[in-house]
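Let me give you the structure first, and then I'll get to my questions.
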Amino acid sequence: MSKKMLEQLGYTVTVHISSTKAMEVFRNDPAQFDLVITDQTMPGMTGTELAQRMLEIRPDVPIILCTGFSHLIDEDSAKAIGIKEFVLKPFTLSSIGQLVRKLLDGVPAS
């Protein structure tokens, strides 16, 4: 659903259901990605773990972590590890679009 939302806004989107597959693709060509959006709950590793590994490879990549209610991560702890934005689900096309644009434009995280 997020893929379709972002494509409606004109973005090219790569989707992987498996965090390990996403990590493999990112590792093979990290410069291919302008931004990463990950869910906290995924098969293989959490979105937090995925973000940490991606940031080890490319510390400048902006990452948005999406989650429902979680005891494992909150906005402050996400930002402390380098995740630029923390989004609670469900989100709207407008809200995710504004956040993506803000990060791609290099506006400092709130």
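Here, each number is a calculation from the coordinates, and none is a lab measurement. Remember, it's a predicted structure, so these values are computed and weren't measured experimentally. Virtual Cβ from ideal backbone geometry, glycine too; neighbours counted across all protein chains shown.
Please state the charge dipole magnitude for the chain, taken about the Cα centre, from unit charges on C-beta atoms (+1 on K and R, -1 on D and E), reported in debye and rounded to the nearest 20.
With only Lys, Arg, Asp and Glu charged at Cβ, the dipole is about 220 debye.
Quick check: the distance between the Cα centres of segment 1-46 and segment 57-101, to the nearest angstrom?
Each part reduced to its Cα centre gives a spacing of 13 Å.
Compute the label zone of residue 41 within segment 1-30: residues whose backbone N is under 19 Å from the point 7 Å along Cα-to-Cβ.
In segment 1-30, the label zone of residue 41 (backbone N under 19 Å from the point 7 Å along Cα→Cβ) covers 1-3, 16-20.
Scale the Cα Rg of segment 32-76 by the rule-of-thumb value 2.2 N^0.38 Å and send over the ratio, two decimals.
Ratio of Rg to 2.2 N^0.38 Å for segment 32-76: 1.13.
Report, by chain and number, residues whose modeled amide H sits under 5 Å from the one on residue 87, excluding near sequence neighbours (fewer than 5 apart, same chain).
Sorted by chain and number, the residues that satisfy this are 65, 66, 67.
So which aspartates and glutamates can residue 102 reach, going by Cα to Cα under 14 Å and dropping same-chain residues fewer than 8 places off?
Within reach: 34, 85.
Moving on to the next point. If I histogram all Cα-Cα distances within segment 1-78 using bins 5 Å wide from 0, what percent of pairs lands in each bin?
Binned Cα distances yield the sequence 3, 14, 27, 26, 19, 9, 1.
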